[in-house]
Amino acid sequence: MVRPTIIWISMGLVLLAMRTVLWLMYRPFAPVREEDAPALSVIIPAYNEGAMVEETIASVAAAAYPRERLQIIAIDDGSSDDTWHHIRHAALRFPGLVTPLRLADNQGKRGALAEGFRRATGDLIVTVDSDSVIERGALLAIAGPFLDPRVGAVAGKVAVHNRRAGLIPRMLHVRFILSFDYLRSAQSVFRTVYCCPGALAAYRASAVRKVQPEWERQRFLGTPCTYGRTRADQRHSRCGFRHRVPARRGGAYRRAETYSKLCRMLLRWDRSYIREELRYARIVWSRPLGSRVLSLYESTITNLRYPVGYASIALWALNAIEDPASMVRMLLAIMVVSLVYVLYYLRSERSWDFVFGILYAYFSFFALTWIFPYAALTLRARGWLTR
């Protein structure tokens, strides 16, 4: 039998080669000019975010976008701290620009967003997480691709806001750059970006209206879906999200601090990943032929690496008991794979921070491997898992 590790590495190399070719083919859209900027609504859902939500609102208010065509909707999803106080204060700081909303009871992130969608008046709807800030040019940049009428959604570029604050933020920053610059750029070439990030994403309002009732009623294993918007809204093939292009110019920065907060974030992401991959397997067949083939190829290899990868880890652990030298070989293999990926970071960022990408590979292997199986066992959980 071929060793599972060899299979896993081979699949990864094939996928890496395909993504590299697509990444090199990607060409970003230009930002929209201010005189051509469409009416735009920014929705900021918040739950127990405290003072950070006001910083988020202020960054959106300071964005280079025509004020008469900008609407900011900040929603307190039944917070138990002073989040509402900061939202109201932001509304006073930016009169006529910020619409403050407060939900009496916690509805979950999806419920808060749904309320914002109902209040939005713009032709485009942008979502920004309440622990993020956006660059001044982000809104013009993310609106640019919508000049193409085929584009239904745009994934913004996301980096770590406080990446100098510690080791975890530094490592996570490299991971984010690889995810948003490299991975989504490659996916954009075949017009199927799987996940638009909550930190910064934009949607054509007409497309959102078509699927909002179905999206709000979505259930999984008999439980209402209250999180996972970033992947779920991409899976409704009938909503017009047939072409998705990430904006490289102008992005968002989100906070990353402690190990426990990182685990909660990744746990929420993995739960929604599992749930929406099952849904996507049913609707991928409605995609155009070229996008469908490439999407199925990427999804199959990506998803197979989980069972093969965990089987490899189990066999490695057993083998290490009899052959301690296998531990060294595994550690070297992790370094080689991570070095290949950080080459993309070096090309994009030109920074010595690539070293933290290598450290993240080891950190992920030893400290985060447990999250995916735990997420699979707790798919019915409904919380925000923030703060």
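The values are calculated or read from the model by the stated rules, or taken from the named source; none is laboratory data. Owing to the predicted nature of the structure, the values given are computational and were not obtained by experimental measurement. A quick note on method: Cβ atoms are made from the backbone with ideal geometry, for glycine too, and the neighbour counts reach across all protein chains shown. Heads up: the accessible areas ignore ligands, DNA and RNA and are worked out on the full protein's heavy atoms, side chains in. Shrake-Rupley method; radii C 1.70, N 1.55, O 1.52, S 1.80 Å.
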- line: Looking across the range 17-37 at residues that are surrounded by 15 or more Cβ atoms within 10 Å (Cβ to Cβ) and assigned to a loop (DSSP other than H, G, I, E, B), the single one that is modelled with the highest pLDDT is 37
- request: Name the single residue, out of those in the range 153-185 being surrounded by fewer than 23 Cβ atoms within 10 Å (Cβ to Cβ) and under 24 Å from residue 292 (Cα atoms), that is modelled with the lowest pLDDT.
  value: 179
- prompt: Hey, residue 209 hits all of (1) surrounded by fewer than 20 Cβ atoms within 10 Å (Cβ to Cβ); (2) in contact with a Cys (Cβ under 6 Å, 6 or more places away or on another chain) but one; which does it fall short on?
  reply: (2)
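Condition check ((1) open to solvent by 40 Å² or more (accessible area, probe 1.4 Å); (2) out of contact with any Phe, Trp or Tyr (no Cβ under 8 Å at 6 or more places or on another chain)) across all residues:
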residue	(1), (2)
294	yes, no
305	yes, no
328	yes, yes
337	yes, yes
342	no, no
345	no, no
359	yes, yes
381	no, yes
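Tell me which residues, restricted to the range 38-62, are outside any helix (DSSP H, G or I) and crowded, with 20+ Cβ neighbours inside 10 Å.
40, 41, 42, 43, 44, 45, 46, 47, 49
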query: Looking at 248, 231, 217, which is the one that is more than 18 Å from the chain's Cα centre (by Cα), modelled with pLDDT under 70 and either closer than 30 Å to residue 32 by Cα or loosely packed, with under 15 Cβ neighbours inside 10 Å (or both)?
result: 217
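Only one of 88, 102 is part of a strand (DSSP E or B), basic (Lys, Arg) and either on the phi > 0 side of the Ramachandran plot or open to solvent by 50 Å² or more (accessible area, probe 1.4 Å) (or both). Can you tell me which?
Working: 88 fails: part of a strand (DSSP E or B).
On inspection, the qualifying residue turns out to be 102.
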task: Answer yes or no: is there a residue in the range 121-136 that is of a type in the set (A, V, I, L, M, F, W, C), assigned to a strand (DSSP E or B) and more than 23 Å from the chain's Cα centre (by Cα).
output: no
message: Looking at the range 359-371, can you tell me whether even one residue there is within 30 Å of residue 83 (Cα to Cα), touching a residue at least 24 places away in the same chain (Cβ under 8 Å) and touching a strand residue (DSSP E or B) at 6+ places or on another chain (Cβ under 8 Å)?
response: no
- request: Tell me which of these residue 286 doesn't satisfy, since it passes every other one: (1) surrounded by fewer than 13 Cβ atoms within 10 Å (Cβ to Cβ); (2) more than 21 Å from residue 190 (Cβ to Cβ).
  value: (2)
